[in-house]
């Protein structure tokens, strides 16, 4: 990059890094709430079975 | 309520918006990929080096999209927060919540890429220039919005408080935009405007626009994915949430 490599690639690189991390973070948040909902559902079913 | 009014607010229900958002996300990813591929191709291989800055100017292809998106997302976020305040709709507030982290990220990228551009060209990582300072304030507004809502236990009160902050902060966006016109700034003036021919080479402009579209589609994909998680978190007590395919399987 004509001597500007550090600056150009640090810029593109940080964008690429965050564009990768952000969706992964959201996915982990989504699977966490799914897990909570499943557990809740199982607990409700067990409660109904007992009654 | 007439049938027409009912249709208008149909997707204002978290339960009906959730699957719609799910269907839209893949399209936004696809568009982001296409625009990104075309944009990167032009940014790195087609656009010629600059007469003054050589290849260092190529940071523009991520700096400008990030900056534009940081401002645009803020306006959209404030719009949803405002609508949520006016119509008392939960989903509007959820959309504002979904947009905030992505907007903050764009503001951070604007400052980061700007710093890495400023160091070689201006000789400084940072100056307290009008545009840079107001963009930093934008980042603080995003972070303030997020932390304010996180600090309030009752979600509906958090929505309202956040909305007020978001709406008050809207004044910052035109400040950022017009700063280079109103003040004597180090940051360069507008090269692109709605009523003048662009003051840059056409390939450079094209690359910049394609990358801006890529960032926009990415932001939409990510915001709709996040809102789905937020919807499930806030509607966890509902019947429809526990009956979702994803939960039953």
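Read the figures in this text as sums done on the coordinates, not as results from a lab. Keep in mind that this is a model prediction, so the values were computed, not measured. Positions of Cβ are generated from backbone atoms using ideal geometry, with glycine treated the same way; all protein chains shown enter the neighbour counts.
Report the Cα centroid-to-centroid distance between region B:13-78 and region B:193-215 in angstrom, as an integer. With region B:13-78 and region B:193-215 each reduced to a Cα centre, they are spaced 12 Å. Look at the Cα gyration tensor of region B:1-144: its axes a ≥ b ≥ c give a/c of at least 1.5 with a/b at or below b/c, and that counts as oblate. Among the residues of B:51-59, the average count of other protein chain beta-carbon atoms within 10 Å of the residue beta-carbon is 4. Counting only other chain Cβ atoms within 10 Å of each residue's Cβ, the peptide A:21-34 averages 5. Annotation: the residues A:21, B:42, B:231, sorted from fewest to most other C-beta atoms within 10 Å of their own C-beta, follow the order A:21, B:42, B:231.
Legend: ranking of residues B:226, A:35 from fewest to most surrounding C-beta atoms inside 10 Å; resulting order A:35, B:226.
Give the distance, in whole Å, between the Cα centre of region B:230-249 and the Cα centre of region B:84-136. Measuring centre to centre over Cα atoms gives 32 Å. Between residue A:36 and residue B:154, the modelled label-to-label distance comes to 2.0 nm, taking each label 7 Å out from Cα in the direction of the beta carbon. One decimal place: the segment residue B:243-residue B:190 gains 13.9 nm when fully extended, by the rule 0.36 nm per residue minus the C-alpha distance.
Taking a point 7 Å out from the Cα of residue B:125 in the direction of its Cβ, the residues of region A:1-20 whose backbone N falls within less than 18 Å of it are A:5-15. For the peptides B:22-28, B:161-167, residues were scored by their other Cβ atoms within 10 Å and the scores averaged per peptide; the highest-first order is B:161-167, B:22-28. Residue by residue along B:113-126, Cβ atoms of other protein chains within 10 Å of the local Cβ number 3 on average.
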